[in-house]
1. Among GLY113, GLY85, which is the only one that is modelled with pLDDT of 90 or more and within 22 Å of ALA58 (Cα to Cα)?
2. Given (1) within 17 Å of LEU173 (Cβ to Cβ); (2) modelled with pLDDT of 90 or more; (3) outside the structural domain of MET177 (by TED's automatic domain parsing), identify the lone condition not met by LYS98.
3. Confirm whether TYR194 is in contact with an Asp or Glu (Cβ under 8 Å, 6 or more places away or on another chain), modelled with pLDDT under 95 and not polar (S, T, N, Q).
4. Among helices (runs of 4 or more DSSP H) lying entirely in segment 121-173, which contain 3 or more residues that are free of Cβ contacts under 8 Å to residues at least 40 places away in the same chain?
5. Would you say ALA83 is among the aliphatic types (A, V, I, L, M), touching a residue at least 60 places away in the same chain (Cβ under 8 Å) and not assigned by TED's automatic domain parsing to the domain that holds ALA122?
6. Can you go through ALA43, ALA55, ALA31 and tell me which one is farther than 15 Å from LYS172 by Cα and either aromatic (Phe, Trp, Tyr) or in contact with a Ser or Thr (Cβ under 7 Å, 6 or more places away or on another chain) (or both)?
Amino acid sequence: MKFLFDLFPVILFFATFHYAGRNPDMSVELAGRFLGEVDPAQAPILLATVVVILATLAQIVYIRLRHGKVEKMLLLSFALVTAFGGLTLLLQNEAFIKWKLTVVYWVMASSMGVAALHKRNAMRLMLSGQIELPEAIWLRLNLAWIVFFIFMGALNLFVAYRYPTETWVNFKLFGGMGLLLLFVLAQGIYLSRYVKEDDAKPNA
């Protein structure tokens, strides 16, 4: 359920874009109410941008009311989607919202890299309570995530600039999440050799 909750803004972004694309007259009229005159070709992405900003804000409010503390990563994501989404809406240029995902990936890679330079392994901090690994493996794991985030940021730009916006929107939901799941699965298989099962205790 948490996975779906985390994907909530992306799913709404995807659904809004495709619904608006199938109803061009409605999307132009609705976007025009908030943004003035809009390019019909830009209306779906503009509406989807408004929705993803509001959905991310709703996530933060819900978590704040329910749990009292909001994760820094979600706050960063909201700041970036508001900044880049706001530029997309103000300038009616979809390039900004497309860059947002790359910036998130590269900020995460940079923060993990800087932490590693200060002898703070981000992956060990997150997982040390769940698994014990040799120091060399922790370093490889941390480096693998840094490389993955850099790659995903570059791949996002490649798709954004080489393919139609509809393809990028589909990639944002299915491609990005699919590659993440495959990476986590491969990582789990690699780390399974270091997981030691507790010795069975004899019954009293």
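The values are calculated or read from the model by the stated rules, or taken from the named source; none is laboratory data. Quick caveat: nothing in here was measured; it's all calculated off a predicted structure. Neighbour counts are summed over all protein chains in view; Cβ atoms, including those assigned to glycine, are modelled from backbone coordinates with ideal geometry.
1. Within the list GLY113, GLY85, the selection yields GLY85.
2. So LYS98 meets the others, but not (3).
3. It is true that TYR194 is in contact with an Asp or Glu (Cβ under 8 Å, 6 or more places away or on another chain), modelled with pLDDT under 95 and not polar (S, T, N, Q).
4. Once the helices (runs of 4 or more DSSP H) in segment 121-173 are filtered for at least 3 residues that are free of Cβ contacts under 8 Å to residues at least 40 places away in the same chain, what remains is 122-127, 135-162.
5. no
6. Unique residue meeting the criteria: ALA43.
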